[in-house]
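Notes to accompany the following structure.
The values are calculated or read from the model by the stated rules, or taken from the named source; none is laboratory data. Bear in mind the structure is a predicted one, so any value in this text is a computation, not a measurement. Side chains are part of the model used for accessible areas, which takes the heavy atoms of the whole protein and leaves out ligands, DNA and RNA. Shrake-Rupley method; radii C 1.70, N 1.55, O 1.52, S 1.80 Å.
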Amino acid sequence: VQLQASGGGTVQAGGSLRLSCAASGRTFGTVGWFRLVPGKEREFVASITRTGGVTDYADSVKGRFTISRDNAKNTVYLQMNSLKPEDTAVYYCAAAFNDLRLATMRFYYKYNYWGQGTLVTVSS
(Lines give C-alpha, C1' and ligand atoms only; values in the text may rest on other atoms or scores of the structure.)
Protein backbone atom coordinates (compact mmCIF):
# COMPACT_ATOMS: atom_id res chain seq x y z
CA VAL A 1 0.00 0.00 0.00
CA GLN A 2 1.44 3.34 -1.01
CA LEU A 3 0.41 6.97 -1.29
CA GLN A 4 2.39 9.09 -3.71
CA ALA A 5 2.03 12.85 -3.42
CA SER A 6 3.20 15.07 -6.26
CA GLY A 7 2.69 18.46 -7.85
CA GLY A 8 4.52 20.71 -5.46
CA GLY A 9 6.78 23.48 -6.63
CA THR A 10 7.54 27.16 -6.43
CA VAL A 11 4.98 29.73 -7.49
CA GLN A 12 4.46 33.44 -7.04
CA ALA A 13 1.75 34.77 -4.78
CA GLY A 14 -1.58 34.68 -6.55
CA GLY A 15 -0.59 31.69 -8.61
CA SER A 16 -1.96 28.16 -8.68
CA LEU A 17 -0.77 24.60 -8.21
CA ARG A 18 -2.50 21.24 -8.31
CA LEU A 19 -1.33 18.51 -5.98
CA SER A 20 -2.04 14.86 -6.66
CA CYS A 21 -2.18 11.92 -4.28
CA ALA A 22 -2.09 8.57 -6.06
CA ALA A 23 -2.94 5.49 -4.05
CA SER A 24 -1.89 1.96 -4.89
CA GLY A 25 -2.50 -1.37 -3.25
CA ARG A 26 -6.07 -0.80 -2.11
CA THR A 27 -8.95 1.62 -2.23
CA PHE A 28 -9.47 4.10 0.58
CA GLY A 29 -12.24 5.96 2.26
CA THR A 30 -11.62 9.51 3.38
CA VAL A 31 -8.46 11.15 2.03
CA GLY A 32 -7.08 14.30 3.54
CA TRP A 33 -4.36 16.85 2.93
CA PHE A 34 -2.30 18.25 5.77
CA ARG A 35 0.63 20.63 5.73
CA LEU A 36 3.65 21.12 7.90
CA VAL A 37 5.85 24.14 8.43
CA PRO A 38 9.04 23.72 10.50
CA GLY A 39 8.42 24.86 14.04
CA LYS A 40 4.64 24.65 13.72
CA GLU A 41 2.09 21.95 14.32
CA ARG A 42 0.71 19.85 11.51
CA GLU A 43 -2.26 21.68 10.00
CA PHE A 44 -5.35 20.21 8.42
CA VAL A 45 -6.02 21.56 4.93
CA ALA A 46 -8.85 19.63 3.29
CA SER A 47 -10.47 16.21 3.12
CA ILE A 48 -12.92 14.27 1.00
CA THR A 49 -14.94 11.10 1.47
CA ARG A 50 -14.87 8.11 -0.87
CA THR A 51 -17.68 9.27 -3.11
CA GLY A 52 -16.78 12.91 -2.81
CA GLY A 53 -20.09 13.64 -1.20
CA VAL A 54 -18.55 15.24 1.86
CA THR A 55 -15.65 17.65 1.89
CA ASP A 56 -14.12 19.78 4.60
CA TYR A 57 -11.72 22.70 4.41
CA ALA A 58 -9.67 24.66 6.86
CA ASP A 59 -10.88 28.23 7.17
CA SER A 60 -7.51 29.47 5.95
CA VAL A 61 -7.97 27.82 2.52
CA LYS A 62 -11.74 27.87 2.09
CA GLY A 63 -12.70 29.50 -1.19
CA ARG A 64 -9.18 29.14 -2.59
CA PHE A 65 -8.51 25.39 -2.49
CA THR A 66 -10.66 22.61 -3.94
CA ILE A 67 -10.30 18.93 -3.16
CA SER A 68 -11.58 16.30 -5.57
CA ARG A 69 -11.00 12.66 -6.40
CA ASP A 70 -11.05 10.31 -9.36
CA ASN A 71 -11.72 6.84 -7.98
CA ALA A 72 -11.10 5.22 -11.36
CA LYS A 73 -7.52 6.47 -11.05
CA ASN A 74 -7.43 6.07 -7.26
CA THR A 75 -6.19 9.65 -7.10
CA VAL A 76 -7.14 12.67 -5.02
CA TYR A 77 -6.37 16.21 -6.15
CA LEU A 78 -5.93 19.49 -4.34
CA GLN A 79 -6.37 22.48 -6.61
CA MET A 80 -4.77 25.48 -4.95
CA ASN A 81 -5.58 28.93 -6.30
CA SER A 82 -4.76 32.44 -5.12
CA LEU A 83 -1.77 31.09 -3.26
CA LYS A 84 -0.27 33.17 -0.48
CA PRO A 85 3.21 33.09 1.05
CA GLU A 86 1.67 31.65 4.22
CA ASP A 87 0.64 28.57 2.20
CA THR A 88 4.31 27.62 1.96
CA ALA A 89 4.70 24.19 3.55
CA VAL A 90 5.28 20.53 2.91
CA TYR A 91 1.92 19.05 1.96
CA TYR A 92 1.07 15.48 2.91
CA CYS A 93 -1.83 13.37 1.80
CA ALA A 94 -3.29 10.82 4.17
CA ALA A 95 -5.87 8.08 3.69
CA ALA A 96 -8.21 6.23 5.98
CA PHE A 97 -9.40 2.66 5.45
CA ASN A 98 -13.01 3.83 5.50
CA ASP A 99 -14.90 7.08 5.41
CA LEU A 100 -14.51 9.23 8.48
CA ARG A 101 -17.28 11.19 10.08
CA LEU A 102 -17.18 14.87 9.24
CA ALA A 103 -16.46 15.69 12.88
CA THR A 104 -13.24 13.67 12.78
CA MET A 105 -11.88 14.37 9.30
CA ARG A 106 -9.52 17.04 10.65
CA PHE A 107 -7.78 14.75 13.12
CA TYR A 108 -4.51 13.46 11.66
CA TYR A 109 -4.50 10.38 13.91
CA LYS A 110 -7.67 9.10 12.26
CA TYR A 111 -5.77 8.39 9.04
CA ASN A 112 -4.06 5.06 8.42
CA TYR A 113 -1.58 5.82 5.63
CA TRP A 114 0.54 8.81 4.76
CA GLY A 115 2.33 9.91 1.62
CA GLN A 116 5.87 11.25 1.56
CA GLY A 117 5.05 14.94 1.24
CA THR A 118 5.52 17.48 -1.51
CA LEU A 119 6.97 20.96 -0.98
CA VAL A 120 4.98 24.03 -1.96
CA THR A 121 6.79 27.36 -1.90
CA VAL A 122 4.92 30.60 -2.53
CA SER A 123 7.08 33.66 -3.06
CA SER A 124 5.87 37.19 -2.41
Inset, instruction - Taking only protein heavy atoms into account and a 1.4 Å probe, give the accessible area per residue of region 21-73 in Å². - result: 50 Å²
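Beyond 25 Å, what share of the Cα-Cα pairs of the chain remains, rounded to the nearest whole percent? Don't jump to the answer; show the numbers that get you there.
On the way: 1154 of 7626 pairs.
Above the 25 Å cut-off, the chain has 15 percent of its Cα pairs.
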Legend entry - Relative contact order %, the chain, counting alpha carbon pairs below 8 Å whose residues are six or more apart: 36 percent
Legend entry - Candidate aspartates and glutamates for bridging to Lys84, where Cα separation is under 18 Å - those fewer than 8 sequence places away on the same chain excluded: Glu43, Asp59
